[in-house]
Amino acid sequence: MADFQVNKTIAEINQKIKDGEAVVVTAEEMIGIAREVGPVEAARKVDVVTTGTFGIMCSSGAFLNFGHTKPRIRASKVFLNGVEAYAGVAAVDCYIGVTQTREDDPLNKVFPGRFRYGGGHVIEDLVAGREIQVTAKSYGTDCYPRRSYEVTMTLKDFPNAWLLNPRNAYQNYNCAVNFSKKTIYTYMGILRPDCMNANYSTSGQLSPLLNDPYYQTIGIGTRIFLGGGVGYVIGAGTQHNPGVRRSENGVVMGGAGTIAVRGDLNGMSAKYLRGASMTGYGTSMNVGIGIPIPILNEELARRTGVSDDEIQVPVVEYGLDYPDGGGSPITYVTYGQLRSGEIEVDGRKVTTAPLSSYAVALEICETLKSWIKSGSFLLGEPQETLPSVPR
């Protein structure tokens, strides 16, 4: 371990939480504390910094088990409110992805390529307590003779219902612009021609992985706020790429890290799991995630004190370069500049708009803070931290 002036352990912090003595602040509050007293004193004063993000996370979904039927069925096709779920996991298990769209979506019939309802909306309906229609089909076997099954269910009727997301909470992300001569419809929203607007995502200074940029406290077993309930990091997410360029303060200047997460849908909330319909792109889901960062030393105190003005974001062209696999940054801007409502790209002033909600992300930070201070939420010590160097 480095020769720090302050050294704490997660076990020691958890004991302080149990004793009602832990000092817990949000990432927004930590910025002022670190500036006022410096990282060493901040590390002495603060035990946990809460982080949060709320935005569209396409690589998300849920594993559902709808229970054995009489006679039994081994479903080969499953539809939930008309949205197909992957059923190649035996018997009555299925996986519903948030970008899967309803085949008979009425909006798609009027405007091809546009969808109103998909897997993310199914998950939102479930956690909101609404009924969904489950339809299962099979070719039939000797041990699973039933060929079809249809039932109306709510979340409490499913024996198992897990949110299981392969790639969430990108550490940082692109700011998207469009230099082509036509309006384009993307997962980054509607981008008008000739660089007339710029869309960005993530919660900047509140973003979980930006507050622990080298993943010193985050890994398998980290307990988190997930969709309004309690979840866990189960490893690095797909496309985890810690080798992205970093600024002088160690903050990544691109997507970099991601996490895979799991949690029981029971106890989650439709407030923090919201189905989304992206014009011309398809469907997805807004996911709320909050991660507590234990302040074990002054290095973590310094890194959790990084502000929007110190976090650089790549501006990437989506109209011409990105579709062909390109997309090298045109320039870099800060989250502070993005949140001002206007940036300068290639000599022109461009209006900016967020796809993620800073207000909801801050609400997640505050909620997680209250859970920890009440003693109802202890920190989960990672059994293996996320990879911090490229493989």
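Here are the numbers for the structure shown:
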quantity: Local electrostatic count, Gln205, Cβ distance below 14 Å [Lys/Arg +1, Asp/Glu -1]; calculated: -2
quantity: 13 Å beta-carbon shell around Gly255, net charge (K/R +1, D/E -1); calculated: +3
quantity: Rough spin-label spacing in nm, given labels placed 7 Å along Cα→Cβ, for Thr141 and Asp3; calculated: 6.4
quantity: Environment charge at Arg74 (Cβ cut-off 15 Å; Lys +1, Arg +1, Asp -1, Glu -1); calculated: +4
quantity: Nonlocal amide H pairs with Glu84, under 5 Å, H built at 1.01 Å; calculated: Glu103
quantity: Exceeding the 27 Å Cα-Cα cut-off - candidates Lys70/Lys156; Lys137/Lys271; Lys181/Lys349; Lys271/Lys373; Lys8/Lys369; calculated: Lys137/Lys271
quantity: Likely footprinting exposure, Phe377, Phe54, fewest C-beta neighbours within 10 Å first; calculated: Phe377, Phe54
quantity: Estimated 222 nm signal from helices in the chain, with DSSP H stretches of n ≥ 4 weighted -39500 (n - 2.57), rounded to 500; calculated: -5500 deg cm²/dmol
quantity: Sites Thr279 and Ser374 - FRET efficiency at Förster radius 41 Å, r taken between beta-carbons, to 0.05; calculated: 0.50
quantity: Derived scalar couplings ³J(HN,Hα) [the stretch 330-337; Karplus, 6.51 cos²θ - 1.76 cosθ + 1.60; whole Hz; x for Gly, Pro]; calculated: 6, 7, 10, 10, 9, 5, x, 5
quantity: Cβ crowding within 10 Å averaged over residues, with 189-195, 260-266 ranked highest first; calculated: 260-266, 189-195
quantity: Chain lengthening between Ser148 and Ser388 when straightened (0.36 nm per residue, less Cα-Cα); calculated: 81.6 nm
quantity: Within straight-line cross-link reach of Lys77, aspartates and glutamates at Cα separation under 13 Å, skipping those fewer than 8 residues along the same chain; calculated: Asp93, Glu150
quantity: Rounded to whole Hz, the Karplus (6.51, -1.76, 1.60) HN-Hα couplings of the stretch 46-53, x for glycine and proline; calculated: 9, 9, 9, 10, 9, 10, x, 8
quantity: Entry for mean projected area of the Cα convex hull in nm² (calculated from the structure that is shown) out of (1) 21.2; (2) 19.8; (3) 33.8; calculated: (1)
quantity: Relative contact order [Cα under 8 Å, 6+ residues apart], the stretch 67-158, whole percent; calculated: 31
quantity: Point-to-point label distance, Arg44-Ala353, nm (Cα→Cβ direction, 7 Å offset); calculated: 4.9
quantity: Electrostatic dipole magnitude of the stretch 67-158 [Cβ: Lys, Arg +1; Asp, Glu -1; Cα centre; debye, to 20]; calculated: 200
quantity: Peptide ranges 34-42, 151-159 listed from the most packed, as the mean C-beta count within 10 angstrom indicates; calculated: 34-42, 151-159
quantity: Amide H contacts under 5 Å for Gly288, placed H, 5+ residues apart; calculated: Gly227
quantity: Extension gain (nm, one decimal) between Gln133 and Glu248, 0.36 nm per residue minus Cα-Cα; calculated: 36.1 nm
quantity: 3J(HN,Hα) from dihedral phi, the stretch 68-79, Karplus parametrisation 6.51/-1.76/1.60, rounded to Hz, x for glycine, proline; calculated: 5, 9, 10, x, 5, 10, 10, 5, 9, 9, 9, 10
quantity: The stretch 226-339, relative contact order in percent, only Cα pairs under 8 angstrom and at least six apart counted; calculated: 23
quantity: Contact order relative to length of the chain, as percent, for alpha carbon pairs under 8 angstrom and 6 or more apart; calculated: 25
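Every number in this text was worked out from the coordinates using simple rules, so none of it is lab data. Predicted model only: the values in this text are computed from it and were never measured. Counting neighbours? That spans all protein chains shown, and the Cβs are built from the backbone with ideal geometry, glycine included.
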